[in-house]
Each structure stands twice: as C-alpha cells, then as structure tokens.
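Here's the structure, in structure tokens; my notes come after.
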Amino acid sequence: MKILIIEDEQEMLENMQDSLEKEEFVVETASSFGKAFSKIGIYEYDCILLDISLPDGDGLQILKELKNKGISDSVIIVSAKDSLDDKITGLDLGADDYLPKPFHMAELHARINAVLRRKKFEGSKILEIGNVSIDMDKHVVSINKTEITLNRKEFDILMYLATNKDRLVNKSALAEHVWGDYIDQSDNFEFIYSQIKNLRKKLNEQNAEIEIKAVYGIGYKLMGL
C-alpha cells in the first residue's frame, strides 16, 4: 500500500514516515503545497495524509483539486487545527477522516487501515478471490487456508493487482506504486519482471485460483480462473 504524507513539520514528517515504513507501507512525502500539488497530479496513492496548514498554500485546495479531477485517493486530514469548521469543510470536500494533532502513531495506523478497508476491502480486512485470501493488516496470503511465503514486494504487487482485479494495470503504474520514489533510480523493468515471475511460481505451486496475465508491452491483469 502506498501513502503520501503532506506535512511541513520535518520532525513530524520523519516520525510518520519511519513509523509507516516499519509497517511495510510504501511512503512518499511532500513538505510543501507546491510539491504536494505536483505529486497528486501525476501519481496514485492508496491514502494521503494531509496537513491543511502549509506554509505556501491551503491544504484544503488540494482536496478541492482531487475532487475536481475525480481522483478517489483516500485522504486523512492530519492537522493541529481542530476547529469544527475546518473538520466539516474537509469532510465536505471529500476527506475520509480527520485526525487532530497530537496523536499516537498507533491511532494513525488504525485510522489508515480503517479507511483502506472501507475503500478497497468493503469494510473487511481480508480480500478473497477464489481460494486465495489476502489479509491486509497481517500481510499474510493464504491459498486453501495454507499460508504462503511472499517477500514484501511480491505481497505489494499481489495487493495492487488484486484491488484492481480484471483491470489492465500499466507496468509503469505498477512499478511506481510498489517502489514509490525509488523507481527513479531504475532505468528498466527487470526488477518487476523478476518479482512477477517468482510470484506466479508461488501461486501456481499452490494451485491458486487466480492468474496474473501479461499484456505484452503494456502491463498485467489479475484474473480469477
């Protein structure tokens, strides 16, 4: 799962990033309105953590832009401004939750997981496709109730394809979503081919009732058998 943190307080941003990366989220950051605005126009995120008090712009304008573009990224406002007006305005503009500062990281994780369950898992923490079960909270994949071992990237790829089941996912979008900002350090897609190959092998060995189909030159599609 991929998170964008929009936060201008450097210590807070680093604490949130470290905490979320320990929970195996892919995390990108933006410390200004300008950087955040450019990122939401290009990339897709599972959840955006938005501080509405930014030094170079109003964070609520980012919500308006998401709404105007029809972008459905989940948004949790994380702000020291705890006024009722700000909360109502943010929720009316499409935010999924509002978490006032200060807060415990455990609560932040719980809020993120709750939002992702509502948006992607229809309220459940487990996604089931055929005989394959994916537990988002525990990062566990089971086939016929037998747990299989996936590395972090294999799990992230499977999650992304599963939440886009039967849709063609562009290989560039998949790579950027799973590797985040680090994708800029690579000049080819060999790393993703390798992960897909290993993931397919593990699924086939356990007779998974799903298939990852490659569309030559474009990307991948996860389908039920």
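Just so it is clear, none of the values below were taken in a lab; they were calculated from the coordinates. Worth saying up front: this structure is predicted, and the values here are computed from it rather than measured. Note: ideal-geometry Cβ built from the backbone for every residue, glycine included; neighbour counts use all protein chains shown.
Scanning the range 110-124 for residues that are out of contact with any strand residue (DSSP E or B) (no Cβ under 9 Å at 6 or more places or on another chain) and either farther than 21 Å from residue 158 by Cα or not in a helix (DSSP H, G or I) (or both) yields a total of 4. Taken across the range 145-152, residues that are surrounded by 15 or more Cβ atoms within 10 Å (Cβ to Cβ) and in contact (Cβ under 8 Å) with a residue 60 or more places away in the chain do not occur at all. Per the conditions (1) within 24 Å of residue 15 (Cα to Cα); (2) out of contact with any Phe, Trp or Tyr (no Cβ under 9 Å at 6 or more places or on another chain), the sole criterion not satisfied by residue 62 is (2). Per the conditions (1) buried (at least 16 other Cβ atoms within 10 Å of the Cβ); (2) assigned to a helix (DSSP H, G or I), the sole criterion not satisfied by residue 8 is (2).
All conditions in (1) farther than 30 Å from residue 214 by Cα; (2) touching a strand residue (DSSP E or B) at 6+ places or on another chain (Cβ under 9 Å); (3) part of a loop (DSSP other than H, G, I, E, B) hold for residue 137, with the sole exception of (1). Residue pairs whose Cβ atoms lie under 6 Å apart, sitting 6 or more positions apart in sequence or on different chains, and linking a residue in the range 121-137 that is free of Cβ contacts under 8 Å to residues at least 40 places away in the same chain to a partner that is assigned to a loop (DSSP other than H, G, I, E, B) and among the basic types (Lys, Arg), are 137/125. Hey, any hits in the range 62-70 for a residue that's surrounded by 15 or more Cβ atoms within 10 Å (Cβ to Cβ), out of contact with any strand residue (DSSP E or B) (no Cβ under 9 Å at 6 or more places or on another chain), free of Cβ contacts under 8 Å to residues at least 60 places away in the same chain and polar (S, T, N, Q)? Checking the range 62-70: not a single residue is surrounded by 15 or more Cβ atoms within 10 Å (Cβ to Cβ), out of contact with any strand residue (DSSP E or B) (no Cβ under 9 Å at 6 or more places or on another chain), free of Cβ contacts under 8 Å to residues at least 60 places away in the same chain and polar (S, T, N, Q). Only one of (1) under 23 Å from residue 107 (Cβ atoms); (2) in a loop (DSSP other than H, G, I, E, B); (3) not aliphatic (A, V, I, L, M) is not met by residue 21, so which one is it? Looking at each condition in turn, residue 21 falls short on (2).
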